[in-house]
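A quick write-up on the structure given underneath.
The values are calculated or read from the model by the stated rules, or taken from the named source; none is laboratory data. None of these values were measured; they are calculated from a predicted model. All Cβ positions, even for glycine, are placed from backbone atoms using ideal geometry, and neighbour counts span all protein chains on display. Side chains are part of the model used for accessible areas, which takes the heavy atoms of the whole protein and leaves out ligands, DNA and RNA. Shrake-Rupley method; radii C 1.70, N 1.55, O 1.52, S 1.80 Å.
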Amino acid sequence: MEPIAEPQSPLRLKQLLHLWFSLSIPVTRKQYIVTGFSLMLVKYLIEFITIYATTGNSYAIEVFLSPILKHRSEVFDSTTQFLPWILFVWTIPFLWISVSMSVRRSVASTGSSFLGLLILVPLLNFVTMFLLCILPNRAARSKIKNIPVATPIPSNRIRSAISGMFISIAGSLVLYALSVTVFKNYGILLFFGMPVLVGVITSYMFNRVEIQSTGQTVLVAEIGILLCSGALLVFAVEGIICIVMLLPLAAVIVIIGALIGRSMAANNASGGHVTTSILLLLPLLSGADLLEKEAPVYEVISTIVIDAPPEEVWPNVIGFSELDAPPAWYFELGIAYPLRATIDGEGVGAIRHCEFSTGAFVEPITVWDKPNRLTFDVTKQPPPMNELSPYRHVHPPHLDGYLNCKQGEFRLIRLPDNRTLLEGSTWYEFKMYPQGYWTLWSDTSIHRIHQRVLQHIKKLSEK
């Protein structure tokens, strides 16, 4: 009797992980097709179940595939403010598998990694995947070098790393000026293109003579993005708060660029090839920004229960005295926070002034349903923050006209035992992309502002 073969699942799993995350294994058409569609299906099903279980909303497949982030944001609600963060982290390994396998499949079929890089461009990524699925392998394919990790002279290694960092800093400053000054847009070109640029250049320069370890390569790239962020601070074009908010996103994306640069070095790509690939990719990213030019309106809802009837809460909603509670530490860093509110007049047409640490909101009343509902438009607003900087005055362009509050509303719902459920809503538009990332910060900030106001109204009303 023939011996029973031992299960091969551990080996298969190891092989799959190597195929997904390696930089040196060539990818065949069959592997690309099966892996791509299987992982896409798994990702969609897990996200569909998670979103439906937490929000009750369905997650249509066309929304999952859409590059317009507004469509995805519509499946969330105010009770799941951490769900987008969870899905963002969940997406990271899938993003790397997509880029890694596309670059290696591109090399196997065309001899160049550029076609694989187009997987990063919205809409073009679908065309890229289709081409990589149908293109045959080259007859005389130049296999990616599986070069052993070298231990060159430390001075040479450090010199290569520093050269890559200086080049990436110069490129980042040019890219920032191009995005903000020419395109007048804080978008994919800046927040995705710049980390990729830094990662590819620093990694390629670090590995072009001798291939270094993946860990060292990523570390050098991360130092490069920190230095580029520091350059924006030193040249007084950005403040500390916005740089800190950018770094979690940039730190992840720069890893993708670092691994791509290392793969290019291992594939004997010339410096001219790398430069050309990046220069061709960046205009496509700026064009991708145009796909998301529409600025959707987001709503942030916060609630509190007050031990007082609506009739006693109403006067403290239309206007409230100076907030005596000290601002939380994140407000002390420069984020605008409310101080007091006054109103001129009564009924529809009255003007409410909500004074913040950075200035006053002007809010004409549009609905006056005493003591149930107060709705107002926002016709004037102050800057959303005072940027922290070593310089006395730094006012980056994104502080003007990128986060626009459109409308606000208070709803007073009568509860048993002379209690009131007070709901506060703010509707706003945000013109910085990717909105799915930046609105995580803005939603959280607005919710904290709501809570500060609602807690103060509660305190006044329960006296």
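Positive end of the dipole of region 345-463, charges at C-beta (+1 Lys, Arg; -1 Asp, Glu), about the Cα centre: which of Trp427, Pro416, Ser445 has its Cα farthest in that direction?
Final value for the positive-end residue is Pro416.
Using a Förster radius of 22 Å, what is the FRET efficiency between Ile33 and Thr91 based on their Cβ-Cβ separation? Nearest 0.05, please.
0.55
Roughly how much of Val34 is accessible, in Å² to the nearest 10, using a 1.4 Å probe?
Around 80 Å² of this residue is reachable by solvent.
In terms of solvent-accessible area of protein heavy atoms at a 1.4 angstrom probe, what is the ranking of Arg419, Arg352, Arg12, highest value first?
Reading off the accessible areas and sorting them downward yields Arg12, Arg419, Arg352.
Between Tyr330 and Asn418, with labels modelled 7 Å along Cα→Cβ, what's the label distance in nm to one decimal, could you check?
Rounded to a tenth, the inter-label distance reads 3.6 nm.
If I model a spin label at Glu322 and Asn372 as a point 7 Å from the Cα along the Cα→Cβ vector, what separation in nanometres do I get?
Taking the simple label geometry, Glu322 and Asn372 are separated by 3.7 nm.
Say the cut-off is 29 Å between C-alpha atoms; which of Lys380/Lys463; Lys370/Lys459; Lys406/Lys463; Lys431/Lys459 go over it?
Over 29 Å Cα-Cα: Lys380/Lys463; Lys406/Lys463; Lys431/Lys459.
By how many nm would the segment from Glu429 to Thr444 lengthen if fully extended, with 0.36 nm per residue of separation less the alpha-carbon distance?
Extending this stretch completely gives an extra 4.0 nm.
List residues of region 406-438, by number, whose backbone nitrogen lies under 13 Å from a label position 7 Å along Cα→C-beta of Thr54.
Label zone hits: none.
With the crude spin-label approximation of a point 7 Å out along Cα→Cβ, what separation in nm comes out for Ser22 versus Val348?
7.0 nm
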